[in-house]
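Undergrad: Have a look at this one.
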Amino acid sequence: MASFLRNFNALRRKQTLDCALYLSMQHPLTALKTISLGLLLLANGLTHKTLQAQVQGQIVDENKEPLPGAAVVLLQDDTVKAGESTDSEGRFSLNAPPGTYLLEGSFVGYQTFRKEVTLSADSPLKLRPLSLQPSSEKLEEATVEAEAKMMEFSQDKRIFNVGKDLTNTASNASDILNNLPSVNVGVEGEVSLRGSQNVRILVNGKPSGLIGSDPANALRNLQSNMIERIEVITNPSARYDAEGEAGIINIVLKKQDKAGVNGSFTVNGGYPRDYGAGASLNYRKNKLNLFSNLSFEWDRAPGKAYSKQQFWLEDTSYSFIRDRHQSRGGLNGDIRLGADYDLSEQETLTASLLFSPSKDNNRVNISYRDFNSEGEQVQTVTRFDDEIETERTLEGALNWTRQYEDYKDHKWTADLQYTSEYERERSTIEQDTIGRPGTMIQKVDNLEEQRRILAQTDYVHPFDEEQGFEAGARATLRTINNDYRLSNENNAGELVDDPRFTNQFTFIENVWAGYGIFNGAIGDKITYQTGLRLEYTDISTQMADVDTANRRTYLNLFPSFFFTYSFSPLSDLQLSYSRRISRPGFWTLAPFFSFSDNRTFYSGNPDVNPEFTDSYDLGYVRYLESGSIYGGVYYRHRTGVVERISQVDSNGFTRIFPVNLSTQNAYGLEFNIQWEPTDWFSTNANINLYRAVTEGSYEGQDFNARTNTANGRISNTFTFWNSDLQLSFNLRAPEQTTQGRRLGIYTMDLAWSRDILKGKGTITFAARDMFNTRFRRAYTYGENFSRFSRFQWRRGQFTLTFSYRLNKKNGPGGRAGKGGGNYGGGGGSR
């Protein structure tokens with residue numbers, strides 16, 4: 001983190017110099033002192049001298065809002081002795097020899113603040129927040145912006161600012177993730193990071209009901225207007241859950257803290273049918289801050305699939321072709337309300353409530369054409385599944401934060417969260433065989449209820465700018481009850497439960513965890529972090545109808561280590577290691593089946609054990625005047641690897657289920673470049689080259705695979721006529737699997753955006769998968785079968801969106817800029 005702050009401060013120093021040059025044309029009388037300050041900041045950043053005394057404080061405006069980027073100097077005999085610009089929270093820390101100084105704080109459009117201070121070597125001088133008052137002499141349209149980048153680097157994560165990618169407009173979290181480097185979202189919504197689907201998805205740093213037990217569906221329902229940024233953490237430190245072999249994806253929701261009433265509104269329409277509206281509203285006055293996010297969507301997503309399967313059984317061989325057409329969607333919404341209350345200058349209490357209802361009507365038509373060994377069609381069967389899916393999520397959260405005055409990162413937090421989820425799927429299935437009288441009727445009723453309690457506390461105590469420790473504890477208690485029933489209509493027209501597919505399943509997972517982290521430095525160029533996390537897991541499952549219980553407990557240690565060598569303030573080499581776990585979840589252990597397709601069954605496996613991963617990362621990042629470059633290599637060693645395999649029984653029915661498949665070694669190379677050579681053109685390109693060697697067997701059959709694959713994205717943005725045009729290309733190369741081969745996927749996205757209404761409104765047109773090429777295609781082979789499949793969850797989409805920003809300000813006190821946010825990825829720029 002210390003290395004990132006040095007990079008951040010270096011960029012702020014560059015912005016100070018740029019600001020000075022601009023102001024020299026507007027205000028010659030103040031230009032000389034501002035330029036001198038900028039040069040001093042640059043020199044101070046290059047020398048990194050350790051001085052004897054320190055003064056700490058915070059610069060705020062008349063509404064007590066922090067002023068990021070304000071200039072603060074210590075003067076002695078009209079000579080600048082020390083200076084810097086404030087951070088994203090308006091805080092500063094200046095070092096100088098002991099003595100008496102004139103402390104001066106200034107910001108564009110505000111009156112300069114001056115105060116005499118005396119510094120002592122015994123202890124830092126801690127000042128109360130210094131308030132700057134607006135200047136009566138207004139600048140002519142002077143706007144200082146620190147616009148957020150599309151992607152930013154930190155010591156342990158990459159930050160993606162959602163609003164900077166135009167194709168994210170009027171999209172959902174699933175679409176956004178699919179545009180991120182090294183992240184892929186399959187056509188059915190499954191998320192993978194660096195080639196692995198064992199990735200943990202959090203919301204605001206914690207598990208959330210917004211994701212729930214069905215992440216694929218939840219991500220499609222979470223709309224982009226609620227999301228501020230997404231953090232990709234490929235090697236998480238000990239402060240994060242150890243869950244997730246490939247790492248963590250953290251979705252940070254919008255929350256503003258500007259004084260008065262502020263907000264934004266969006267409406268959108270699209271083809272295929274997709275209509276939505278959303279709002280983010282905020283009200284702040286004195287100690288109280290109220291915030292809200294609302295999002296509603298109605299859509300119909302058409303999709304289709306095709307597969308051809310051949311069988312070679314003991315006494316016969318045959319094949320069938322399956323065609324599937326589906327239309328899924330309905331009405332869903334997310335309502336999030338919250339409040340911050342300042343108990344004191346150092347303590348804040350935050351409460352939030354989330355309510356997320358949805359009701360979908362999903363229709364699926366499947367036809368089977370059966371062929372004998374001679375290739376002659378002998379039968380046609382059709383199935384129609386009409387499903388009503390109702391979901392409700394309710395989540396309440398409390399957060400208490402105590403901020404200490406000595407260091408801005410010295411704090412103690414406590415969190416309590418309760419989540420309740422309800423999901424019910426009711427289907428009516430009609431099956432007809434051409435040439436035979438009568439229709440077979442089946443009913444499916446699947447009720448799932450989930451409860452989760454999370455309690456957490458964290459304490460961070462810096463010793464100085466480079467060293468400190470952190471400790472915390474967390475308890476997560478989760479229970480899922482699932483009642484699955486399949487009924488067949490008999491000759492008398494009565495529905496009778498099918499005992500093969502009817503059961504009640506209970507899943508209980510309790511995880512207790514504690515961790516400790518130490519941050520340190522060796523000289524001026526080396527920083528490091530070492531951590532250790534202890535987790536005790538208690539998982540139990542039970543099938544009520546057959547009275548079987550399965551309980552497993554395990555206690556594990558998860559070390560982590562981060563090492564950063566700074567060649568310069570804008571150039572770092574980073575080395576990291578962490579140990580991870582992937583626990584078998586509800587869907588992995590649940591033994592019941594999905595019954596929409598009565599020839600291919602998906603099930604869990606109660607005997608699956610957790611898998612463990614040792615993850616190593618080496619990366620180099622270089623910040624340029626007009627962009628950044630990142631290159632890295634990584635290695636993962638996995639044991640107890642879980643893979644879903646296919647088996648065919650004597651009737652030709654396919655069962656797909658998970659098993660532990662021994663070991664895997666994965667190697668990868670990543671490269672990313674952000675470049676903005678001119679005011680009218682910028683590009684962001686990344687590529688991930690990946691090799692995995694999997695070795696294992698199940699019931700005497702080998703499931704070995706060696707794959708070399710890649711995925712990448714290039715996004716080009718052109719600015720002209722007060723508008724932006726963005727063109728993006730995504731590629732996912734072919735890869736070998738343990739039972740076959742997946743073919744490549746490529747897509748093209750286009751977006752155009754223009755500001756209207758004096759910058760308060762924006763119109764955006766987006767075309768996602770504009771050539772309708774996002775199909776999953778795969779070949780699968782077994783001892784007695786082969787299969788080719790092609791599947792598209794939804795076809796390409798076109799949307800038109802209008803956004804309006806309430807009380808958008810430019811200049812002093814405003815937070816202008818298309819990107820919003822400071823360099824750290826949150827808040828607003830000034």
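The values are calculated or read from the model by the stated rules, or taken from the named source; none is laboratory data. Computed from a predicted structure; not experimentally measured. Cβ sites come from the backbone with ideal geometry, for glycine too, and all protein chains shown count toward neighbours. All accessible areas refer to the heavy atoms of the entire protein, side chains included, with ligands and DNA or RNA removed. Shrake-Rupley method; radii C 1.70, N 1.55, O 1.52, S 1.80 Å.
Undergrad: Would you check which residues across region 572-611 are assigned to a strand (DSSP E or B), more than 26 Å from the chain's Cα centre (by Cα) and not β-branched (Val, Ile, Thr) and list them?
TA: The answer is Phe601, Tyr602.
Undergrad: Going through region 513-523 one residue at a time, which ones are in contact with a strand residue (DSSP E or B) (Cβ under 8 Å, 6 or more places away or on another chain) and over 12 Å from Phe561 (Cβ atoms)? I'd like the intermediate steps shown before the answer.
TA: Our first condition is that a residue be in contact with a strand residue (DSSP E or B) (Cβ under 8 Å, 6 or more places away or on another chain); within region 513-523, this holds for 513-522.
If the condition is that a residue be in contact with a strand residue (DSSP E or B) (Cβ under 8 Å, 6 or more places away or on another chain) and over 12 Å from Phe561 (Cβ atoms), then Ala513, Gly514, Tyr515, Gly516, Ala521, Ile522 are the ones that fit.
Undergrad: Using beta carbons and a limit of 9 Å, which pairs, at least six apart or on different chains, have the first residue in region 665-679 and open to solvent by 10 Å² or more (accessible area, probe 1.4 Å) and the second one hydrophobic (A, V, I, L, M, F, W, C) and not in a strand (DSSP E or B)?
TA: Listed by first residue and then by second, the contacts come to Gln674/Met150.
Undergrad: For region 499-513, name all the residues that are surrounded by 15 or more Cβ atoms within 10 Å (Cβ to Cβ) and of a type in the set (D, E, K, R).
TA: Selection gives Glu509 alone.
Each row is one residue, and each column tells you yes or no for (1) under 30 Å from Ser576 (Cα atoms); (2) at pLDDT below 70; (3) assigned to a loop (DSSP other than H, G, I, E, B).
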residue: Leu103; (1), (2), (3): no, no, no
residue: Val117; (1), (2), (3): no, no, no
residue: Lys138; (1), (2), (3): no, yes, yes
residue: Thr143; (1), (2), (3): no, yes, yes
residue: Lys149; (1), (2), (3): yes, yes, yes
residue: Glu152; (1), (2), (3): yes, yes, no
residue: Gly163; (1), (2), (3): yes, yes, no
residue: Asn184; (1), (2), (3): yes, yes, no
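Undergrad: In addition: Residues of region 77-101 being out of contact with any Leu (no Cβ under 9 Å at 6 or more places or on another chain), assigned to a strand (DSSP E or B) and of a type in the set (Gly, Ala, Ser), which ones?
TA: Once the filter is applied, which keeps residues that are out of contact with any Leu (no Cβ under 9 Å at 6 or more places or on another chain), assigned to a strand (DSSP E or B) and of a type in the set (Gly, Ala, Ser), region 77-101 yields only Ser93.
Undergrad: Follow-up question, since we're still on this one. Pick from Arg599, Arg551: which is in contact with a Gly (Cβ under 8 Å, 6 or more places away or on another chain) and surrounded by fewer than 21 Cβ atoms within 10 Å (Cβ to Cβ)?
TA: Arg599
Undergrad: In the list Glu466, Glu425, which residue meets the criterion of being part of a strand (DSSP E or B) and open to solvent by 30 Å² or more (accessible area, probe 1.4 Å)?
TA: Only one candidate passes the filter, namely Glu425.
Undergrad: Would you mind listing the strands (runs of 3 or more DSSP E) fully within region 735-780 where at least 3 residues are more than 20 Å from Ser192 (Cα to Cα)?
TA: Answer list for region 735-780: 745-756, 761-768.
Undergrad: Being more than 29 Å from Gln739 (Cβ to Cβ), of a type outside the set (A, V, I, L, M) and modelled with pLDDT under 85 is true for just one of Gly652, Gly627, Gly619, Gly631. Which residue is that?
TA: Going through Gly652, Gly627, Gly619, Gly631 in turn, the sole match is Gly627.
Undergrad: Could you look through region 337-355, keep only residues that are open to solvent by 40 Å² or more (accessible area, probe 1.4 Å) and touching a Leu at 6+ places or on another chain (Cβ under 7 Å), and pick out the one that is nearest to Arg392 (Cα to Cα)?
TA: By that ranking, first place goes to Phe355.
Undergrad: Could you list, ordered by first residue, the pairs with Cβ atoms under 6 Å in which the first is in region 404-429 and among the aliphatic types (A, V, I, L, M) and the second is assigned to a loop (DSSP other than H, G, I, E, B), at least 6 apart or interchain?
TA: Cβ pairs passing all conditions: none.
Undergrad: If you don't mind, another one. Counting only residues that are open to solvent by 50 Å² or more (accessible area, probe 1.4 Å) and not aromatic (Phe, Trp, Tyr), which one in region 760-773 is farthest from Asp274 (Cα to Cα)?
TA: Lys760
Undergrad: If we scan region 736-756, do we find a residue that is in contact (Cβ under 8 Å) with a residue 40 or more places away in the chain, open to solvent by 50 Å² or more (accessible area, probe 1.4 Å), more than 25 Å from the chain's Cα centre (by Cα) and farther than 28 Å from Pro272 by Cβ?
TA: No: region 736-756 contains no residue that is in contact (Cβ under 8 Å) with a residue 40 or more places away in the chain, open to solvent by 50 Å² or more (accessible area, probe 1.4 Å), more than 25 Å from the chain's Cα centre (by Cα) and farther than 28 Å from Pro272 by Cβ.
Undergrad: Those residues that are of a type in the set (Gly, Ala, Ser) and either touching a residue at least 60 places away in the same chain (Cβ under 8 Å) or surrounded by fewer than 18 Cβ atoms within 10 Å (Cβ to Cβ) (or both), I need them from region 66-105; list them, please. Let's see the steps before the verdict.
TA: Our first condition is that a residue be of a type in the set (Gly, Ala, Ser); within region 66-105, this holds for 69-71, 82-83, 85, 88, 90, 93, 96, 99, 105.
The answer is Gly69, Ala70, Ser85, Ser88, Ser93, Gly99.
Undergrad: Suppose we keep only residues that are free of Cβ contacts under 8 Å to residues at least 40 places away in the same chain and open to solvent by 60 Å² or more (accessible area, probe 1.4 Å) within region 356-377. Which one would you say is nearest to the chain's Cα centre (by Cα)?
TA: Step by step, filter region 356-377, then rank; the result is Lys359.
Undergrad: Of (1) closer than 19 Å to Thr738 by Cα; (2) touching a residue at least 40 places away in the same chain (Cβ under 8 Å), Asp702 satisfies all except one. Which?
TA: Unmet condition: (2).
Undergrad: Right, Gly330: surrounded by 15 or more Cβ atoms within 10 Å (Cβ to Cβ), closer than 30 Å to Gly782 by Cα and under 28 Å from the mean Cα position of the chain (by Cα) or not?
TA: no
Undergrad: Still on this structure, please answer the following. Please pick out the residue among Phe311, Phe320, Phe265 that is under 24 Å from Arg805 (Cα atoms) and either open to solvent by less than 10 Å² (accessible area, probe 1.4 Å) or assigned to a strand (DSSP E or B) (or both).
TA: Phe265
Undergrad: Kindly indicate whether Asp445 is open to solvent by less than 40 Å² (accessible area, probe 1.4 Å) and within 27 Å of Phe586 (Cβ to Cβ).
TA: No, not satisfied.
Undergrad: For Thr553, work out the one condition from (1) over 23 Å from Gly244 (Cβ atoms); (2) assigned to a strand (DSSP E or B) it doesn't fulfil.
TA: Condition not satisfied by Thr553: (1).
Undergrad: Just checking, does region 802-811 include any residue being at pLDDT 85 or above and within 20 Å of Pro302 (Cβ to Cβ)?
TA: No, region 802-811 contains no residue that is at pLDDT 85 or above and within 20 Å of Pro302 (Cβ to Cβ).
Undergrad: Now a separate question. May I ask you to verify whether Tyr630 is farther than 24 Å from Trp587 by Cα and either part of a loop (DSSP other than H, G, I, E, B) or open to solvent by 70 Å² or more (accessible area, probe 1.4 Å) (or both)?
TA: Criteria not met by Tyr630.
Undergrad: Pull up region 695-711, narrow it to residues that are at pLDDT below 90 and surrounded by 15 or more Cβ atoms within 10 Å (Cβ to Cβ), then point me to the one that is nearest to the chain's Cα centre (by Cα).
TA: Across region 695-711, the extreme among qualifying residues is Asn711.
Undergrad: Here are the criteria: (1) open to solvent by less than 20 Å² (accessible area, probe 1.4 Å); (2) modelled with pLDDT under 90. Tell me which single one Thr799 does not satisfy.
TA: Failed condition: (2).
Undergrad: Looking at Ile645, Ile656, can you tell me which residue is in a strand (DSSP E or B) and surrounded by fewer than 19 Cβ atoms within 10 Å (Cβ to Cβ)? Before you say what the answer is, go through the steps one by one.
TA: On the way: Ile645 fails: surrounded by fewer than 19 Cβ atoms within 10 Å (Cβ to Cβ).
Sole residue among the options that is in a strand (DSSP E or B) and surrounded by fewer than 19 Cβ atoms within 10 Å (Cβ to Cβ): Ile656.
Undergrad: Okay, moving on. Return a yes/no flag: does region 618-638 have any residue that is closer than 30 Å to Phe501 by Cα, of a type outside the set (D, E, K, R) and touching a Leu at 6+ places or on another chain (Cβ under 8 Å). Explain how you work it out, then say what you get.
TA: Of region 618-638, the ones closer than 30 Å to Phe501 by Cα are none.
For region 618-638, residues closer than 30 Å to Phe501 by Cα, of a type outside the set (D, E, K, R) and touching a Leu at 6+ places or on another chain (Cβ under 8 Å): absent.
Undergrad: Which condition number in (1) open to solvent by less than 30 Å² (accessible area, probe 1.4 Å); (2) over 30 Å from Arg774 (Cα atoms); (3) among the polar types (S, T, N, Q) is the one that Ser295 fails?
TA: Checking Ser295 against (1) open to solvent by less than 30 Å² (accessible area, probe 1.4 Å); (2) over 30 Å from Arg774 (Cα atoms); (3) among the polar types (S, T, N, Q), the one that fails is (2).
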